[in-house]
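Following: one structure in structure tokens, then a few remarks.
The values are calculated or read from the model by the stated rules, or taken from the named source; none is laboratory data. Computed from a prediction, not measured in an experiment: that's the story for all the values here. We place every Cβ from the backbone using ideal geometry, glycine too, and count neighbours over all the protein chains shown.
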Amino acid sequence: METESRKFKILVVDDEPTNLKLLREVLRQDYALVFARNGEEMLRHAADGPDLILLDVMMPDMDGYEACARLKADPVTRDIPVIFVTARVEIEDEVKGLEIGAVDYLTKPIQGAIVRARVKSHLQLQQAHQTIQRQNEELRTAARLRDDVEQILRHDLKGPLNAIIGMPGALIADWKLSPEQASSLQIIEDAGFRMLEMINRSLDLYKMERGVYVLVPKPVELLLVLRRIHSELNRLIHTKRMSIQILVNGHPATENDTFVVQGEELLCHSMLSNLLKNGVEASPRGEALVIELETDGPMALIRLGNKGSVPEEIRDSFFDKFVTAGKSHGVGLGTYSAKLIATTLKGTIDLNFSREGETLIEVRMPR
């Protein structure tokens, strides 16, 4: 039996020459064999990296159980599969061998066909295990590379933004511009600041994914945040001829209402902006998107409802990464980001299917 023009190497350990000779006859055609007559010799040969060890239990000075235990205690040799070969037939002997770390147990007198079948099977399992380990390491390396590239891009993108953010203000101050020209430059400056916030927010999301984001909660006036988001989405809302309604404890919000939660304003803004933008995009033209703010014991409940149901195929994975449906340019990060932020804010986010034909998203945050 060969792999990549190399025969598997098997270390055969037994203090009886007759047994060594018998195993040699059974295995020599398919494998490269190395022999040891006691536990100490086995440990020395094991350092050379055999693919599998056939180990006798009853040996002088160091029995097979002790030899196997020492093998498994060494990081260099612990992953070598061991098959015990012994005349002991009691169940407790087999259990002891498996508990120590052996992968199988053969009883004497051995039968050549069974030995070959067991050896072949465990070598294939070991090879599959090594392949999986190698692939996992390749995936970890690729993930580290991806993270490094993303962080470099975040850093490098900030350089060109300095000009985008800085130049409009300088031009407005130094040049005699018409109101329309000044307004256009202001739009460019605002877009630059939004892009900078997106870059900074992507770094925060990176920290949230790894559970290392440090939350500094403060009182946040949620109505102010929602009105700011409404202004940012105004063009999209106008294009779809929609309206946004805000209710506070069942009543239409007024200028005098307040609704305070504990969190970070930028995180609340990012989470609700993603959810509202998704809701507006998913709504039929001419419909209203309703935001309900309610007190729910120690928590604040923010319920966002829009006409149109979440497609059946993505309901169970709605908040997963890269899940999207019905958007030609969607990448499936909006609801995933919202879920991360809600969890970071010590809250929850869920889909509610209680209203037929509507999408209801419920966010709970500390009051």
Given (1) over 20 Å from the mean Cα position of the chain (by Cα); (2) of a type outside the set (S, T, N, Q); (3) at pLDDT below 80, where does Lys321 come up short, assuming only one miss?
(1)
Hey, among Asp79, Asp51, which residue is buried (at least 20 other Cβ atoms within 10 Å of the Cβ) and under 17 Å from Leu125 (Cα atoms)?
Asp51
Residues Lys21, Lys96: which one is more than 23 Å from Gln133 (Cα to Cα), under 38 Å from the mean Cα position of the chain (by Cα) and among the basic types (Lys, Arg)?
Lys96
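For every residue, the table says whether it meets (1) modelled with pLDDT under 90; (2) closer than 18 Å to Ile100 by Cβ.
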{"residue": "Ser5", "(1), (2)": "yes, no"}
{"residue": "Lys9", "(1), (2)": "no, no"}
{"residue": "Val12", "(1), (2)": "no, no"}
{"residue": "Pro17", "(1), (2)": "yes, no"}
{"residue": "Gly39", "(1), (2)": "yes, yes"}
{"residue": "Gly49", "(1), (2)": "yes, no"}
{"residue": "Leu52", "(1), (2)": "no, yes"}
{"residue": "Met59", "(1), (2)": "yes, yes"}
{"residue": "Asp79", "(1), (2)": "yes, yes"}
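Please work out if Val260 is touching a residue at least 40 places away in the same chain (Cβ under 8 Å), within 34 Å of the chain's Cα centre (by Cα), surrounded by 19 or more Cβ atoms within 10 Å (Cβ to Cβ) and in the same structural domain as Pro298 (by TED's automatic domain parsing).
Numbers: touching a residue at least 40 places away in the same chain (Cβ under 8 Å): yes; within 34 Å of the chain's Cα centre (by Cα): yes; surrounded by 19 or more Cβ atoms within 10 Å (Cβ to Cβ): no; in the same structural domain as Pro298 (by TED's automatic domain parsing): yes.
It is false that Val260 is touching a residue at least 40 places away in the same chain (Cβ under 8 Å), within 34 Å of the chain's Cα centre (by Cα), surrounded by 19 or more Cβ atoms within 10 Å (Cβ to Cβ) and in the same structural domain as Pro298 (by TED's automatic domain parsing).
For the range 1-84, give me every one of the helices (runs of 4 or more DSSP H) that falls completely inside it and has 3 or more residues that are of a type in the set (Gly, Ala, Ser), touching a residue at least 60 places away in the same chain (Cβ under 8 Å) and closer than 21 Å to Pro109 by Cβ.
Numbers: elements: 17-27, 39-46, 64-73.
Hits in the range 1-84: none.
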